[in-house]
Each structure stands twice: as C-alpha cells, then as structure tokens.
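Trainee: Before I ask anything, here is the structure I am working with.
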Amino acid sequence: MGKRMVVVGGVAGGASAAAKAKRENPELEVVVYEKSPHVSYGACGLPYVLSGEIPSLTKLIARTPEAFRKQGVLVHTRHEVVEIDPESRTLTVFDHGEGRTFQDRYDHLVLATGARPQIPPIPGTEQEGVYTLRTLEDGERLLQALEGAKRAAILGAGYIGLEVAEAFRKRGLEVTLLEAKDRPLPHWDEEVGGLLKEELERHGVEVWTGVKVEAFRGMGRVEAVETSEGVVPADLVLLATGIRPNTGLAQAMGVALGPTGAIATDERMRTNLEGVYAAGDVAESFHRVLKRPYWLPLGDVANKHGRTAGSVIAGKEARFGGVVGTAIFKAFGLAVATTGLPLERALKEGYRAKKVFIQSQDGAHYYPGSAPLWVELVYEEGTGRLLGGAVVAHGHGALRIDTLAALLHREGTLEDLLALDLAYAPPYSPVWDPLLIAAQQAR
Ligand SMILES: Cc1cc2nc3c(=O)[nH]c(=O)nc-3n(C[C@H](O)[C@H](O)[C@H](O)COP(=O)(O)OP(=O)(O)OC[C@H]3O[C@@H](n4cnc5c(N)ncnc54)[C@H](O)[C@@H]3O)c2cc1C
C-alpha cells in the first residue's frame, strides 16, 4: 500500500500540493479535506465577477472534486479538520454534510488552511449589509447584495479594496473608500498613492484618507458609516482591512510559527514536525532582499508552495526559492506593480536607501496612443544595490516590474540594470526603456 498524504484546505496551496504529489508519485494515496463547498478556484478573479466582466463564479474554478477524483485524488468538501495528533498521525474530521465526526490517519500532512479577513473592532460589523471578500461563498453573498444596492463604503485601500471599488463603480454604485492612513496603497511610497487617488477620483470614487471609522449605523441592517470626518450613507459595506493566517489548527498540534505569525517552513515547505508541511497563505516565505522570513499571502506564491510540498512528498528534489514581494493589480485604467521594499520601509530596515521617481511613456513619444508610465527605483546609496521599485502604467507596460524582480532575486545593482539589453519598438517602449531612464537618473 502507498503512503497516505492528507491535505487540509483545498484552494490554491492545498490543491497544488495534492495534484503535484499524485502526478509525481501515483502510488501515493492523496486525500483533501476542505471545509467549504469549493476547492481549487482563483479567488483573485472574484473582483471581476463582481464587476460583471466574468459572467459567473463557476468560471473561477480550476478543478472540481470530480476532476480530482479522475486524477486519483480524493476530495472531501464541507469536511473540516478539527484536531490533529502528530504523535499518532491521526486527524479528527467533522463532516458538515452528515453532521458526524470521524478519524483519519496520515503519513504526510500538508497544512494549507490559508488566511481569513481581519474584522476590525468597530461596533456594528455584525449587521446585515457588512461583508468581507475572501472565498467563493463571500463572492456569492456579495453578488446578491449588489442587487438593489446603491451606495457602498469600502474600508481599506489595499489592493482588494481598490479592485472592489472599481467593480462596484462598474455596477453603478456610489463608492466611498475609507482609509485610515494618508493615501491609497499605504504600504507603498506616496507618489504611487497619489497616482491612485487621482485615478479613483477620476472614476467617481470618493476617497477619504486619514479617516477613523467609529461605528456602523443601522437597526440590524447597515445604513451608514460613522467616521471621524463625518457620516457616509451606505447600504453595503466591504471590510477590506487585511487578513491573518489561519494558524489555529497548526498551533494546537505544536507546529511552530515564525516571526511573522504564519507557519515557519524550510525551503522544502517542511515545518518543525516530522511529516508535516505547510503551503500557501498560512505559511511564511524567505524574503531574498530582507534575508529573513516574510509573509506574502498571494496566489502565485501559494501555488509554488503547494507544488514544492507536493514534489517533496512525492520523493522529488524541489525547493521554494523565496520571494522578493512582487505584486500587481489593476485600479480602473492603471496597472500598479511593486516589488521589494518601498523607500519608507527600506529606511526603517536601516538601509542607506534613496529613490528616484520618474515619468516616462509606454511607447515612443510619436507613436499614437502611447501613454504615461511611471517608475520608482529604491536603491542603496554607495553600492547602488537595488532594494525595490514600482511601475505604474496604463496597461501591460507595468509588467516591467518583472525585470526588477529578477534583479532583486540576484541582488542586482543599478549598474546591472543599466547593462540589460531590454526590448524596444515604438509601440512598446521609448528607445530608452523607462527602467533604464530611472536607473540613469539614480546613478
Ligand atoms: C479578492 C481577492 C483577490 C486576490 N487577488 C490576487 C491577485 O491578483 N494575485 C495574487 O497573487 N493573489 C491574489 N489574491 C490572494 C490569493 O487568492 C490567495 O493568496 C490564495 O487564495 C491563497 O490560497 P491558500 O490555498 O493558501 O488559502 P485560501 O485561499 O485561504 O484557502 C484555504 C482553504 O482552507 C480551508 N480550511 C481552513 N481551515 C480548514 C480546516 N480546519 N479544515 C478544512 N479546510 C480548512 C478554507 O476553507 C479555505 O478554503 C486575492 C485574494 C482575494 C480574496
């Protein structure tokens, strides 16, 4: 009999681990327990279902339980793992469908329990009309709520709040974005936040920054948001105020967390317990600029974690190479991409950091339709080592961020960037690529 691999959580990290392990080693028995009704879907697509650009939530599903079964992976939805004993390698599972509890065993275990929205301690969040967006079920609830809704308030101007602001505007709602800090995307430097604010306002989003939300007013159903700056009428509220890793199950069984509060793993996604792995938003990654564990709860990272864990369990050599913190999202006409450290963070980390911020174009100045594109480079004074950067564009030009990300993976410098042979043709770039212009300025 083959060894038994049990995966807890079946979205990005868990589904990748299960599929990869079975593919690499068909002898393995692979079982997935997922407490919700859905597995293997792209939560990243939820804002575009809300906007109506993607016609239904089912389009986001990559693989159904039936498709997994055909591959030889047994998926149990609506099954919650409630306890794990690492000594006897047994799990206690609650079947929400049948209302019964049973035991299972594992040789290899993957914890892929993901993350959950952080609900701010504001009076009135329990009322109808107040939502979070994390799962397919959250998407279903929000889609229903959009019917008949007129005024939305979104708390938090991180990328999810910004993506949903666009979706709600596309649905014709009045949208007020409420952010406690002084700009949208507050974890990044101010120029990018400034561009975002202009873009949001151009598309009719009211942006309130530096605002403290005090309460949600309503008699069981939300009617307005009380803030330090005044009252915002709203029949729909989205809390987009951050997430936390779901580490309860892991902690209870003795799995060690790292400094970020997510599960600590090595390059092979192994935890401190023999036979126990972690993957996805519940787990930390190694940050190659900071040289220490870092929590980057993103879908591409979750897939890579899962694939690494699955390969290792299947007996293959695999390592997760770490992250540099690369991300991209769309806010109306702008694509905003960041990697590494913003200047503020680099200075806090003790680097002698400087930055340049330039405006260029995404095509030659004479090419019809070429549009502005902005580049920020953060680098270390003296050595010229690149520490981070951002590219903001009106389209795919923002993917220039990947060049910077590649350099950050290799501890590249401004000189390394200047030495690169980058692509040029008038529709796609000025003759000096905007990254090179920024690097020249920095030098
Ligand atoms: C609106 C939105 C937009 C996003 N956009 C992007 C994007 O553009 N790019 C990007 O890279 N990332 C994006 N992400 C993030 C990405 O979706 C997540 O990083 C990814 O879903 C993480 O996958 P995961 O498997 O680690 O965790 P999750 O998706 O959180 O899945 C974990 C699963 O584990 C289950 N579970 C938990 N505990 C138990 C238990 N005890 N027993 C059984 N099952 C359990 C949960 O029910 C859940 O289904 C977005 C996320 C959201 C919500």
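Values in this text are rule-based calculations from the coordinates and carry no lab data. Not measured: the values here are computed from a predicted model. Glycine gets a Cβ as well: all are built from the backbone with ideal geometry, and neighbour counts include every protein chain shown.
Trainee: Starting from the range 331-368, pick out the chymotrypsin sites (Phe, Trp or Tyr not before Pro) whose DSSP state is loop and whose Cβ has at most 16 other Cβ atoms within 10 Å.
Mentor: TYR366
Trainee: Can I ask one more? Taking 22 Å as R0, compute the FRET efficiency from the Cβ-Cβ separation of THR101 and GLU29 and round it to 0.05.
Mentor: 0.55
Trainee: Please give the Cα centre distance for the range 26-45 versus the range 289-351, rounded to the nearest Å.
Mentor: Centre-to-centre distance over Cα atoms comes out at 22 Å.
Trainee: Can you tell me the Rg and the Dmax, both Å, for the Cα atoms in the chain?
Mentor: 23.0, 70
Trainee: Give me the extension gain from GLU411 to GLU83: residue separation times 0.36 nm, minus the current Cα-Cα distance, reported in nm with one decimal.
Mentor: Full-extension gain reported as 113.8 nm.
Trainee: While we're here: From the helices alone, meaning DSSP H stretches of at least four residues, give me the mean residue ellipticity at 222 nm for the chain, per-run term -39500 (n - 2.57), in deg cm²/dmol to the nearest 500.
Mentor: Only helices count here, giving -7000 deg cm²/dmol.
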